[in-house]
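As structure tokens, the structure follows; a few thoughts come after it.
The values are calculated or read from the model by the stated rules, or taken from the named source; none is laboratory data. Since we're looking at a predicted model, the values are computed, not measured. No Cβ is skipped: glycine too gets one built from the backbone with ideal geometry, and neighbour counts run over all protein chains shown.
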Amino acid sequence: MATFEGVTDFMNVLIVEDEKSLALEIDEYLSREGFTVEHARTCKTAEEKMFVNNYDFILLDLGLPDGDGFDLLKTLKKMSNREDAVIVLTARGEVDDRVRGLEEGADDYLPKPFSLNELLARMHAITRRKHKLESNEVNLKGFKINIQNRTVCHGEERINLTKKEFEIFNYLVLNKNRVISRTNLTEHVWGDVLEINSDSNFVDVHVKNLRKKLSQYAPIDWFETVRSIGYRINI
Amino acid sequence: MKLQFKLTVYNTVTKLAIILCTAVVILFSLEKISYHHISLRLEDKKNEFLRHLSSTTVKDLLQQQDTFIDYNILKDDYIILKEVKYEPINTVIDTFSTAQRTIDRTTETYRILSCKFNYNKKTYFLEVGNTIDAVEQVKETIKSYTLFILIAALTLTLFIDLIFTKYLLNPLYKIIDTKLIRVNDPLNYDYQKISTSTQDFNLLDDSINTLMRKISQMFLLEKQFIANVSHELLTPISIITSRLENILAYETLSEDAENKIFGSLKTLNRLKSIINSLLLISQVENNQFNKADQVNLSEVLHEIQEELEDRIEDKGIKLNQKLKHHITITANRALIHTMLYNVINNAIKYNRLNGHIDITDSLDGSDYVLEITDTGVGMANEQIQRAFERFEKLDTDERESFGLGLAIVKSIAAFHNIAIGITSIKDAGTTISLKFNQLSTSHNLHK
């Protein structure tokens, strides 16, 4: 199944991760999203693969059995004509890992444990940024979502959404046909804040407002509230 | 009172006592000895007088008057002989006394020997005297000398004692100051030995050092343990989270199973938050953050207010930010943000519906004090004391409270030398005050 109108189809991903079961889960998820996935468990194999292939994404764990992920990042950055986007995935929790990762040329940083939905959203964000897609518009039952300008239109009419409402809508559309829990949604929109109260209904308030605004233009029976869990957009 | 002064006072008092005792003994024995000598001399004179006595001499002496008086030219001594009414005397009894006598219009104090004796069936009264003015003078001289020596010795020894005890106790004060008072973090402890030749202080110094080594070892172990455990736990959580998310994509999944998986994901998220909080505390306590950012407090507060807008609106809380000063401190921006976020988040969490939160500031001398007051449930005294402990939480409706918020606040505040004060009235509200110390944060005041 392809998302974003086939943008990510045939994109290839290299997962550099020594935890085999985690790599397999990421593989399963991304394959379902239409990515072509390869694994490397050590720095050595990762390096070999990097020399042979160009990847759209390299998901890089820092603590590898035979070296540091940062060294791999340096090697990659020294190679010419490479467009590989790198997302650093780590459980090291070192204070300056994030800063260092971005300084060394990583495109994003995701601390473990992360939601695969969040990983996908980050990958899409990078794709949009890197390739500056012309057709940066998603069509959804008459609603046009422009990711570049962060606007939603129905026909020619622009719907006035707040920043948070757009963020919620965009995340749900990106993860369409999948139930997104309040926890997941809160974490995506408000960030990874310590002790955030995911049980509180302030996400619901924004969703309620969002639905009210959208339903003024067309019926939105595809925008579903899933029991006590969260929301889903069905297409 | 400091040990140094106690020792000095003790030394001075004992010296004073010794000198006074000696002076009293000397004066007393001087009097005794000189009186004894004079008495002996008087007896000798009397005996010699009696030995040379004959009827003619008596007659010669008492020829003209009934009383005979003789004295030397300086009136140092004198002799009086007179005839008194007859009485039978078997043994001559000498009586000694000290009295004043006027001889030739000069009055002086004399040591006097008086006795009666019979001679040729007549009774005579004999008195021999010797002046003791000389002795009294010596006594006076000794008294004034003693006083002078006393004062001089006291001043001198007081001075010397002060210097000596200061020198002697200096290592002790150094140990107290550098090894006990100024230690707030066992990891930054200075193990440098304090140089002293006093064995006891060496022992004390060594013991404290050994103790501190043990404490910091435990400290490090605990911190390492937290860091390692956190790291080791995050990877498995990541695996389970991903696996559960993949299971959710199965089309055959029943609604019940789906619910349970979402419940599990939520629990895992909670676990993640706890571990990340502990990890943060451990990193702060391990000094893994730098604190060189210029942080504008009111800017940070505005950011937090924006982030928490939803929660504030949700509870209908009115947040009044009334900062009078614009303060920039040197600190770690992310940590200050987290600290204030947690404090304000608590003020929201424990507030009543439609309550309010006041953020005020003031200057206390050179310190800057930020106060966050809520109208919430408040705390009893014993709760306040436990509030900053890990996993301590109030009875609350909030199901997602881990009791780590204030523990994080405490560690960040300690890292930045910010003093936290907490006053609370049960069912009325809580005020958290943060005192930014100028010594550590160097404020830039621009009104």
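Which residue is modelled with the highest pLDDT, if the candidates are limited to segment B:122-143 and must be under 60 Å from the mean Cα position of the chain (by Cα) and of a type in the set (D, E, K, R)?
Restricting to residues being under 60 Å from the mean Cα position of the chain (by Cα) and of a type in the set (D, E, K, R), the top hit is B:Glu140.
Among the residues in segment B:239-260, are any touching a residue at least 24 places away in the same chain (Cβ under 8 Å), buried (at least 18 other Cβ atoms within 10 Å of the Cβ) and facing another protein chain (nearest Cβ under 7 Å)?
yes
Just to be sure, is B:Asn228 under 19 Å from A:Leu120 (Cα atoms), polar (S, T, N, Q) and either surrounded by fewer than 18 Cβ atoms within 10 Å (Cβ to Cβ) or touching a Phe, Trp or Tyr at 6+ places or on another chain (Cβ under 6 Å) (or both)?
No; evaluated as a whole, the condition is false for this residue.
B:Thr123: surrounded by 13 or more Cβ atoms within 10 Å (Cβ to Cβ) and of a type in the set (S, T, N, Q), yes or no?
It is true that B:Thr123 is surrounded by 13 or more Cβ atoms within 10 Å (Cβ to Cβ) and of a type in the set (S, T, N, Q).
Hey, B:Asn276 hits all of (1) under 25 Å from A:Leu116 (Cα atoms); (2) more than 10 Å from chain A (Cβ to nearest Cβ); (3) in contact with a helix residue (DSSP H, G or I) (Cβ under 9 Å, 6 or more places away or on another chain) but one; which does it fall short on?
The one condition B:Asn276 does not meet is (2).
Among the candidates B:Ala419, B:Ala347, B:Ala331, B:Ala413, single out the residue that is closer than 18 Å to B:Gln305 by Cα and not polar (S, T, N, Q).
B:Ala347
Could you count how many residues in segment B:323-350 are buried (at least 22 other Cβ atoms within 10 Å of the Cβ) and more than 13 Å from chain A (Cβ to nearest Cβ)?
Qualifying residue count, segment B:323-350: 4.
Among B:Val295, B:Val300, B:Val284, which is of a type in the set (Val, Ile, Thr), more than 12 Å from chain A (Cβ to nearest Cβ) and either under 26 Å from B:Arg390 (Cα atoms) or in contact with a Gly (Cβ under 6 Å, 6 or more places away or on another chain) (or both)?
B:Val300
Pairs needed: first member in segment B:368-385, assigned to a strand (DSSP E or B); second member anywhere, aromatic (Phe, Trp, Tyr) and buried (at least 16 other Cβ atoms within 10 Å of the Cβ); C-beta distance under 8 Å; at least 6 residues apart or different chains.
B:Tyr368/B:Phe436; B:Val369/B:Phe436; B:Leu370/B:Phe436; B:Asp374/B:Tyr350; B:Gly376/B:Tyr350
Can you find a residue in segment B:235-256 that is of a type in the set (A, V, I, L, M), part of a helix (DSSP H, G or I) and modelled with pLDDT under 90?
no
Is at least one residue of segment A:212-235 at pLDDT 85 or above, within 8 Å of another protein chain (Cβ to nearest Cβ) and in a helix (DSSP H, G or I)?
No, every residue in segment A:212-235 fails to be at pLDDT 85 or above, within 8 Å of another protein chain (Cβ to nearest Cβ) and in a helix (DSSP H, G or I).
So that you can scan it fast, the table gives a plain yes or no per residue for (1) part of a strand (DSSP E or B); (2) surrounded by fewer than 16 Cβ atoms within 10 Å (Cβ to Cβ); (3) at pLDDT below 90; (4) touching a Cys at 6+ places or on another chain (Cβ under 7 Å):
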position: A:Asp27; (1), (2), (3), (4): no, no, no, no
position: A:His39; (1), (2), (3), (4): yes, no, no, no
position: A:Ile58; (1), (2), (3), (4): yes, no, no, no
position: A:Val86; (1), (2), (3), (4): yes, no, no, no
position: A:Arg100; (1), (2), (3), (4): no, no, yes, no
position: A:Pro113; (1), (2), (3), (4): no, no, yes, no
